[in-house]
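The values are calculated or read from the model by the stated rules, or taken from the named source; none is laboratory data. Predicted model, so just to flag it, every value in this text is computed and none were measured. With ideal geometry, Cβ positions are generated from the backbone for all residues, glycine too; neighbour counts draw on all protein chains shown.
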Amino acid sequence: MNPNRHLMTLDEFTFFQTKQFKNSTGELSTLLRDIGLACKLINKQVNKAGLTEILGAHGAVNVQGEEQMKLDVFANEVMISVLRNSADCAGIASEENDDIVVFEDDHSLNSKYVVMFDPLDGSSNIDVNASIGTIFCIYKRISELGKPCNIDDFLQKGRNIMASGYVIYGSSTMLVYASRLGVNGFTLEQSIGEFCLSHKDMRCPVDGKIYSINQGNTCKLNDKLKSYLDFCMADDKATRRPYSHRYIGSMVADLHRTLIKGGIFMYPEDRSNPKGKLRLLYECNPMSHIIEMAGGKGTSGTENILDMKPSELHQRVPIFIGSKNMVEQAVAMIYQ
Ligand code: AHM
């Protein structure tokens, strides 16, 4: 039997990338492997979400007498415990935690990286079996090695992201990973429990014909945003309009489609969410980094997302993201 060497695992791939940089220590690859492990553990639970409910809902006890955890709480605890055990993480910030979590053991104090994540984005979709995801990004800390990391390590501009990614728990489970060398997708091969390279050098098409927004909120939008939606729905064959409307309500799933097929995804400011709904640090920054590394664009409408200096951990921001030409046209029509 011949070994199937057409498969390249996430580990092999990141190690291969590491070898291209003379001074690289491989720490980032180790961290990515640890995040991959956490996501495989989350995936296992997500896949049996319906069964878990049969065995006992949140607050109930399962047949083994263990308390059941809500999936987003479970995902958060898995991410934290795996990264706490990681050799290369000084601390984390999570959408589920009010404050940063600093790892103070001797090894972590000397770790170079901090990680930010949304452990289970779009979790309201769990009940209807729609795709959900984990989003993460990794920064090099700016605080002194040997000391505990601090809030300034986490309030860096998205431009400083070293690597980012998401895992989509969908019809298959896939990890999309962006570094300065580009964006690559790895599908979980369940039989060997490894993420394997399946989508090499992913590029977001510069143009598209899909717009993605919670259109039910139109009554809460300002006139310019409403006019832009009218533009998306207008009949004009020359510019491929009307665009198709797609909205899953799970950012990872909506942006995964946008990355592959092109289009624009928006969560703008509205009457109920004057600063937008999505979080700069856990959702907008990592996603903008991935889309930008793939040739697309992410903006708040007035500023490139990656150039915004965060002022607080759970800051919200309006977002327009996806195919470069579509995003630039939307911004020109709404904000200029
Ligand atoms: P969550 O953090 O509660 O999961 O909310 C984030 C989700 C995004 O995945 C999605 O794009 C958005 O909220 C959908 O919001 P809405 O239901 O208002 O359209």
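Starting from residues that are of a type outside the set (D, E, K, R) and part of a helix (DSSP H, G or I), keep the ones in segment 211-223 and report whichever is farthest from the ligand (Cβ to nearest atom). Walk me through how you get there before you give the answer.
First, the residues of segment 211-223 that are of a type outside the set (D, E, K, R): 211-219, 221-222.
Adding the requirement that they be part of a helix (DSSP H, G or I) leaves 215-219.
Numbers: Q215: 9, G216: 8, N217: 7, T218: 12, C219: 14 Å.
If we take residues in segment 211-223 being of a type outside the set (D, E, K, R) and part of a helix (DSSP H, G or I), then C219 is farthest from the ligand (Cβ to nearest atom).
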Checklist line | Yes/no for R271 being among the basic types (K, R), in a helix (DSSP H, G or I) and more than 21 Å from M162 (Cα to Cα) | finding: no
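Can you report the number of residues in segment 280-331 which are of a type in the set (K, R) and within 17 Å of L225 (Cβ to Cβ)?
First, the residues of segment 280-331 that are of a type in the set (K, R): 297, 309, 316, 324.
Checking the rest, the ones that are also within 17 Å of L225 (Cβ to Cβ) come to 316.
Result for segment 280-331: 1.
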Check: Is one or more of the residues making up segment 57-67 outside the structural domain of D254 (by TED's automatic domain parsing), part of a strand (DSSP E or B) and at pLDDT below 95?
Finding: yes
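If I go through segment 92-127 residue by residue, how many of them are in a strand (DSSP E or B), within 13 Å of the ligand (Cβ to nearest atom), in contact with a Leu (Cβ under 7 Å, 6 or more places away or on another chain) and not hydrophobic (A, V, I, L, M, F, W, C)? Spell out how you get there, then give the answer.
If we filter segment 92-127 for residues that are in a strand (DSSP E or B), which is where we start, we get 92-94, 101-102, 113-121.
If we keep only those that are within 13 Å of the ligand (Cβ to nearest atom) too, we end up with 94, 117-121.
Still in the list and also in contact with a Leu (Cβ under 7 Å, 6 or more places away or on another chain): 120.
Adding the requirement that they be not hydrophobic (A, V, I, L, M, F, W, C) leaves none.
Selection size over segment 92-127: 0.
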Check: Which condition does I138 not pass, out of (1) within 19 Å of the chain's Cα centre (by Cα); (2) within 16 Å of the ligand (Cβ to nearest atom); (3) modelled with pLDDT of 95 or more, if it passes all the others?
Finding: (2)
Note to self: I need the full set of residues from segment 215-231 which are surrounded by 12 or more Cβ atoms within 10 Å (Cβ to Cβ) and either under 15 Å from Y267 (Cα atoms) or without any contact (Cβ under 8 Å) to a residue 12 or more places away in the chain (or both), in order please.
What the structure shows: Q215, N217, T218, K220, L221, N222, K224, L225, K226, Y228, L229
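Out of the residues in segment 224-260 meeting the condition of being acidic (D, E) and in a helix (DSSP H, G or I), tell me which one is nearest to the ligand (Cβ to nearest atom). Before you say what the answer is, go through the steps one by one.
Taking segment 224-260 and keeping what is acidic (D, E), we get 230, 235-236, 254.
This time we only want the ones that are in a helix (DSSP H, G or I), so: 230, 254.
On the way: D230: 20, D254: 6 Å.
Among them, the one singled out is D254.
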Next item on the list: Would you confirm whether any residue within segment 272-283 is in contact (Cβ under 8 Å) with a residue 40 or more places away in the chain, more than 23 Å from the chain's Cα centre (by Cα), within 12 Å of the ligand (Cβ to nearest atom) and not assigned by TED's automatic domain parsing to the domain that holds L120?
Entry: yes
Next item on the list: Restricting attention to strands (runs of 3 or more DSSP E) lying wholly within segment 150-190, give those where 3 or more residues are among the small types (G, A, S).
Entry: 163-169
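Could you tell me whether segment 149-158 includes any residue that is without any contact (Cβ under 8 Å) to a residue 12 or more places away in the chain and more than 16 Å from the ligand (Cβ to nearest atom)? Talk me through it step by step, then tell me what you get.
Just the residues of segment 149-158 that are without any contact (Cβ under 8 Å) to a residue 12 or more places away in the chain, to begin with: 152.
Now narrow it down to the ones that are more than 16 Å from the ligand (Cβ to nearest atom): 152.
Yes, that holds for at least one residue.
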Margin query: One residue is enough: does segment 288-295 have a residue meeting the conditions more than 13 Å from the ligand (Cβ to nearest atom), of a type outside the set (K, R), in contact with a Lys or Arg (Cβ under 7 Å, 6 or more places away or on another chain) and not in a helix (DSSP H, G or I)?
Written below: yes
